[in-house]
1. Exactly one condition in (1) in a helix (DSSP H, G or I); (2) in contact with a Gly (Cβ under 9 Å, 6 or more places away or on another chain); (3) at pLDDT 90 or above is not met by R86; state its number.
2. Could you please give the count of residues in segment 376-432 that are part of a helix (DSSP H, G or I) and acidic (D, E)?
3. Which residue is farthest from R241 (Cα to Cα), if the candidates are limited to segment 173-230 and must be among the β-branched types (V, I, T) and assigned to a helix (DSSP H, G or I)?
4. Select from segment 349-374 the residues that are more than 16 Å from T392 (Cα to Cα) and assigned to a helix (DSSP H, G or I) and list them in ascending order.
5. Out of curiosity, is L186 surrounded by fewer than 21 Cβ atoms within 10 Å (Cβ to Cβ) and out of contact with any Asp or Glu (no Cβ under 8 Å at 6 or more places or on another chain)?
6. If you check R274, R323, which single one turns out to be under 19 Å from A360 (Cα atoms) and among the basic types (K, R)?
7. Kindly provide the set of residues from segment 333-351 that are touching a Phe, Trp or Tyr at 6+ places or on another chain (Cβ under 9 Å) and either under 23 Å from A262 (Cβ atoms) or of a type outside the set (G, A, S) (or both), ordered by number.
8. When both residues are 6+ apart or on different chains and their Cβ atoms are under 7 Å apart, which pairs have a first residue that lies in segment 153-165 and is within 15 Å of E125 (Cα to Cα), and a second that is modelled with pLDDT of 90 or more and hydrophobic (A, V, I, L, M, F, W, C)?
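The values are calculated or read from the model by the stated rules, or taken from the named source; none is laboratory data. Every value quoted in this text rests on a predicted model; they were computed, and no experiment measured them. Cβ coordinates were reconstructed from backbone atoms using ideal geometry, including for glycine residues, and neighbour counts include every protein chain displayed.
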Amino acid sequence: MSHKSLMVHGAWLVAVVLAFVLGGLRHDSGKNGAGTDGAASSSAPTKSARAAAGLGDSDRSAGDAMALRRSDRDGFQGGDSSRGKRSWEQLARLSARDPDPITRRLAFTRLLESMTPENVLAIREELVAAGVEGEQWRDFAYRWGALGGREAVEMAATTPERDMNAALTGWAAADPAAAMNLLANLPENMQGSRESLTASVVEGISHQDTALATDFVLRMTAEGTGNGERLIDVVARQALREGGHEDAARWSETLPDGPVKAAAMDRVAGTYVRKDPEAAAEWAQGFATNDYAARVIEEVGDGLARRDPVAAANWLENLPEGRGQIVGLRSVFGDWEDRDPVAAGEYLMNMPQSAQRDSAISGFSQGYAWQDPRTAIAWAEDISDPGLRQSTLTNAGQAFFRRDPKAAKTWLANIDLPPEAKKAIQNPPRRR
């Protein structure tokens with residue numbers, strides 16, 4: 001196992017130990033906070049805990065279940081983790097069923113800590129019996145894959161539980177080369193899941209080495225064996241977790257220009273603009289003339305608009321002309337009309353006739369069409385660009401026809417639109 005892999009799994013174990021220590025402190029503080037009569041003992045279930053578990057004092061079976069849970073919790077909080085299978089049963093049961101979410105997390109962490117290649121299948125049986133699912137099940141499968149490698153992944157492919165992808169991610173994090181080799185020689189029974197398994201391998205590799213994961217994605221994209229935009233998004237998420245938005249932004253800039261770079265930058269932009277709007281705007285502005293970065297401009301513009309739509313519109317208006325500016329203005333005004341159509345309309349009124357104004361009006365009209373189609377049509381008619389005017393009027397007209405077919409037909413008889421546009425208006429798509 002590589003030095004980076006040891007660091008990754010070492011960090012995981014440190015987190016487990018910290019959780020164990022915090023659990024002990026929590027237990028001690030619970031005892032110290034009890035009254036002089038000891039009524040607040042941490043092992044005694046509270047009324048709220050009973051309610052959360054759906055248990056009543058008058059129900060004998062429920063009382064028995066609570067007693068069993070109390071016994072499990074006492075052993076857990078008392079640090080009894082040396083009884084093998086019995087202890088796994090307790091921890092699995094607490095992980096899945098205890099009403100206290102902190103107890104559930106700590107019990108599950110301790111169970112993961114106890115996993116070895118020799119006992120992993122026995123622990124798996126206990127988790128299945130206890131009914132563990134969701135994020136906990138994915139975390140178990142990840143650890144299973146890291147411990148069991150190919151054998152774990154192949155077994156997971158035959159089980160009814162949904163654990164193959166998480167197991168493969170764990171294996172790829174522990175042994176990237178072996179996981180990539182499996183992907184290159186995928187068994188027949190896994191061929192139908194190639195796309196999702198590829199994403200799992202990329203995710204696992206990125207947990208250990210972002211640069212290696214990036215190179216792997218670019219190679220598959222060049223070979224036509226993977227969806228580069230989807231896969232680089234997986235790497236971008238890890239780059240953001242590992243280095244933050246600034247480091248992730250610099251990483252995305254190193255990618256070759258094109259759709260893969262656009263997808264990575266788009267993912268980074270969403271986080272960047274939430275964390276530091278001004279810096280994100282400055283960063284995105286440097287790519288405003290590149291068509292591949294149009295989604296970045298749109299993402300940053302939308303993020304700015306959530307705080308201050310006027311500032312967002314001003315920023316977009318002053319960008320160099322390009323596809324990003326057009327897409328950004330349409331998106332910002334398409335959302336602004338929903339929150340404050342009066343303010344958005346006033347801003348449009350003050351914009352000079354330009355391609356930027358046409359784009360902003362188109363976004364406003366298309367967003368407002370389902371709320372007030374007549375107003376949306378009035379704005380669309382003010383667009384100077386013939387092609388954009390026609391497409392925007394068609395969209396608003398379809399909303400009008402769906403709401404009031406009779407009035408829409410009267411309007412159509414008096415509007416200057418080509419026959420194909422009028423036909424499209426009278427056959428509006430079903431609104432999602």
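1. The one condition R86 does not meet is (3).
2. Total satisfying the criteria: 1.
3. Going through the qualifying residues, I end up with T221.
4. Hit for segment 349-374 is M349, nothing else.
5. So L186 passes the test.
6. When all the criteria are applied, what remains is R323.
7. Those that are touching a Phe, Trp or Tyr at 6+ places or on another chain (Cβ under 9 Å) and either under 23 Å from A262 (Cβ atoms) or of a type outside the set (G, A, S) (or both): F333, G334, W336, E337, D338, P341, Y347, L348.
8. Hits for this filter: A156/A141; A156/M164; A156/A167; E161/V128; E161/W137; D163/W137; D163/A141; D163/A156.
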